[in-house]
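As C-alpha cells, the structure follows; a few thoughts come after it.
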Amino acid sequence: MVRQEPVRPWWRRFDWTLYATILSVLVAAGGLAFTGVSTYYATQVAIDQLEQSREDAGAQERRQASMVSAWSERQKNGGISGVLANRSLDPVTAVYVKGTATSPGKTDGQSFLVLIETLPPCSKISLPANVVGRKADEFAADARIRVETVWFRDAQSLGWRRQSDAPLAPSAGPQELPELSRNTNNSNNFSKRLAEAVAAAKPMTKCGE
C-alpha cells in the first residue's frame, strides 16, 4: 500500500528564496529608474539655472551700454542736428560717431567721423553741422545730420557698437572699418567747436533706469 504524502500548506510550497531574489531585483530596478528620473530632472534644472545665470550676467554686462543712444533733432534754422546721449550714471569713453550730413535739396550725404574722448554721465550732446565737420563751414549750416553708428567703451572698458539699423552689439571699435581707423584727428582734443559742444552737454532726467 502506497502511502500518500501529506499535503503541505501553501506557504511551504513556494520557493521563498526565489521570490525574495526576484523582489530584490524589482526593487533595485525601481530604485535605478527613480534615480535616473531624478538625475534627469536635476540636470535639467541645473541647465536652466545656468542659462538664467548667463542671461542675467549678459543683461548686467549690457546695462550701461544700453543707456547710450543717438537720435536727431530739428533746429531753429531748419536743419537737423545729431544728438548723443548717455543716460547711465557712469561716463563712457572713446566715443566715435559716424554719420552723414545732407545739404538741403540734395539726396546724397557727406560722411563724417568725430571722436569724443569722454561722454559725461547723465548728459546729452548736440552735434549740429558746424560741429561734426572738420571745418565749421564744411557742411551747410542747415544740413541734415544723421548719426549712423556709435562706438564706445563702457565703465568696464568693454567695447560696444550701436547702429541706427541694428541692435546693440559688442565691438572692437571703429577699426572694424579700415577706412575709419585712421580718422581720429576730428576729436574734441583737436576741434575747439567739438570741445565746446562736449562742454555744453546738457543734463538728462531719469538717468540710471
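Quick look at the numbers
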{"read-out": "Tabulated pairs, the range 185-205, first over 12 Å from Val97 (Cβ atoms), second surrounded by fewer than 14 Cβ atoms within 10 Å (Cβ to Cβ), C-beta under 8 angstrom, 6+ apart or interchain", "value": "Arg193/Ala136; Ala195/Asn189"}
{"read-out": "Complete set of residues in the range 74-90 that are within 30 Å of Gln156 (Cα to Cα) and surrounded by fewer than 17 Cβ atoms within 10 Å (Cβ to Cβ)", "value": "Leu89, Asp90"}
{"read-out": "Pick from the range 125-137, criterion in contact (Cβ under 8 Å) with a residue 12 or more places away in the chain and surrounded by fewer than 23 Cβ atoms within 10 Å (Cβ to Cβ), ranking: farthest from Gln60 (Cα to Cα)", "value": "Ala136"}
{"read-out": "Condition met for Thr93 (part of a loop (DSSP other than H, G, I, E, B), β-branched (Val, Ile, Thr) and open to solvent by 40 Å² or more (accessible area, probe 1.4 Å))", "value": "no"}
{"read-out": "Counted residues, the range 59-90 - those being among the aliphatic types (A, V, I, L, M), touching a residue at least 24 places away in the same chain (Cβ under 8 Å) and not in a strand (DSSP E or B)", "value": "3"}
{"read-out": "Output for the range 19-32, where each listed residue is modelled with pLDDT under 75 and open to solvent by less than 90 Å² (accessible area, probe 1.4 Å)", "value": "Ala20"}
{"read-out": "The one condition in (1) touching a Cys at 6+ places or on another chain (Cβ under 8 Å); (2) within 15 Å of Ser187 (Cα to Cα) that Thr93 fails to fulfil", "value": "(1)"}
{"read-out": "Residues that are open to solvent by less than 50 Å² (accessible area, probe 1.4 Å), outside any strand (DSSP E or B) and under 14 Å from Ala65 (Cα atoms), drawn from the range 158-175", "value": "Ser171, Gly173"}
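The values are calculated or read from the model by the stated rules, or taken from the named source; none is laboratory data. These numbers come from a predicted model, not from an experiment. All Cβ positions, glycine included, derive from the backbone under ideal geometry; neighbour counts span all protein chains shown. Note: areas computed on protein heavy atoms with side chains; ligands, DNA, RNA excluded. Shrake-Rupley method; radii C 1.70, N 1.55, O 1.52, S 1.80 Å.
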